[in-house]
Structure formats: structure tokens, C-alpha cells
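A short write-up of the structure that comes next.
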Amino acid sequence: TCTETAAASPSTQSMMAKLAASSAQSSAAGAARRRRDAEFHHFICMIVANPVFNSFIMGTILFNAVMIAMETTTLSETHPLLFAIFDNLFLGIYLVEFVLKLYAEPAGYWKNYYNLFDFTVLVISLVESLLTALNFGQTGLTVLQVVRALRTLRTLRSISFIRGLQVLVNALIHTFTNAVFYLLLLLLIIMFLFAIMGYYFFGYDEGGDIRNWGNFGIAMLSLFTFVTADGWTDLQDQLSSHGFKGSEFFTITFIFLGHFIFTNLFIGVIIMVIIGIV
């Protein structure tokens, strides 16, 4: 046994030596593969992570929102060049921000959903700038007008810099993908039932309230008014003017179910999710 152990020792030592040599070679290869721009990359990472940089981007977003709102006034007609300069300036800042963040984290950038949203907004802005430069579409509801309207999404980029807004957005997304889906499904089922009943009660006969209950689609819109509890008295007045006695019971029952119960359930679910996230 001692002989076998002694015979095995040189082999073991040789294997360990090979492993050590392999490790040294790997370290040397890793050093060789080290970024040649490591210092510059570290400098860019410090800039991107600096609160001053984030505050500057946040201020740019807010100022951009103000300028977008001012474009709806007569100032855009009297000073079109000024608005064009500012728009290109904002677009340039967003583009530089994208390049810096992508350079700092080439792979990690695409793993963040807020970064993906920022990139989408940037692409929309670049498309809008390109269509404007090509003078694409000047009359009617064109693609250019739609893309210009989507520029308002830039203001939503502020969510990326405010932790409180991120908590609310995450809560809403989590709520809609879980409990709220079933709440809305149940609400739609109840609306379907009441829409069919409302059609046969109030819109089936020629002398009925055809304007608000004449078919399934119109009945659903009327019920949506009841859900929001905005303008429901006008609908009820029209039912009463057509001589539908007892229609108040139908209206009150659906408002109680669709507005009071489901609205409070929706708010309660969101609050529970926010408390769970916080």
C-alpha cells in the first residue's frame, strides 16, 4: 500500500502542476482579453451612475414636456424654428444618453424594461424627425401626425428616474396581470347579462329607447356610463320619459354592482399589491 501511494504521488503532483499551469495560462489570457478602454469605460459608468447626470436627464424630460405643451399654442406658428431647434436638442440629448448607457452596460441595458421603453420612445422620436425631414404627409391624419402625437410618451420616461412612480407602475402591471383580469372578466360577464336584459326591456319594441338600448353594442355603452356613474341620470330620465316603470330598479341595481362594488374591489386590490411591493 505504501508503495502504491508512493507511486501515485508523482502522478498527483504532476496533475496539480498541470492544473496550476492551466490556471496561470487562463489568468494570462484573461488579462490579455481585458478591455483596452477599461479606464474610459469606468469613467463612462461613473457618469451614467452619477445623480447629477440623472437629474440633468430628468430636467430635460420635464422641459421637453413643457415645450411639447407649448407647441399646441400659437407660439409654434410664430416661432417654428425655435421649436425645431429645441426638439432636435432634446433628441440629441436622448441619443447621447442611450449611447452612454449602452456603452456602460452593453448586455445589461436590454435586460431593464424601463430601458427598453426609453429605447422605444427614442426610435419613435427618430422616425418622427426623419419623416419631418422628408416632408412626409402634410394633410389629413397622416403617419407623421400620429408619430408626433406619440412624442408625448417622452414624459413617461420620468418613471425611470422616480422610485415612487416605479412602485406604482409595477403595482399596476402586477395587478392587471393577476387579480384585475378576473375582476374585469366578471364585470364584462355582468355587463353582458344586463345589456341583453336592457335590450329586451327597453330597446326591443319600436316605441322603446332605441337610441340607448337598441342593440347589444349601444346597450354596452349605456352600461359603461352606469359603471363610471357619469351622466347616468340622463339615461334614466330618457327611460322614464319612454314610460318604463321600474327602470329605476334596473339602473340602481347595475350601478350598485358595476360602480360601487367593482370600483372598490379594484382600488382594494391595487392597495394590497402596493403594500406587498413596498
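Some observations on this one:
- Ordering of 252-260, 75-83, 182-190 by packing [mean C-beta count within 10 Å, highest first]: 252-260, 182-190, 75-83
- Relative to the Cα centre, the charge distribution of the stretch 139-247, modelled as +1 at Lys and Arg Cβ and -1 at Asp and Glu Cβ, gives a dipole magnitude of about 900 debye.
- Taking 7 Å steps out from each Cα toward its Cβ at residue 36 and residue 263 produces label points 6.6 nm apart.
- Two-site FRET efficiency, residue 105 against residue 192, from Cβ-Cβ distance with R₀ of 41 Å, rounded to 0.05: 0.25
Here, each number is a calculation from the coordinates, and none is a lab measurement. Owing to the predicted nature of the structure, the values given are computational and were not obtained by experimental measurement. Note that each Cβ is placed from the backbone with ideal geometry, even for glycine, and that neighbours are counted across all protein chains shown.
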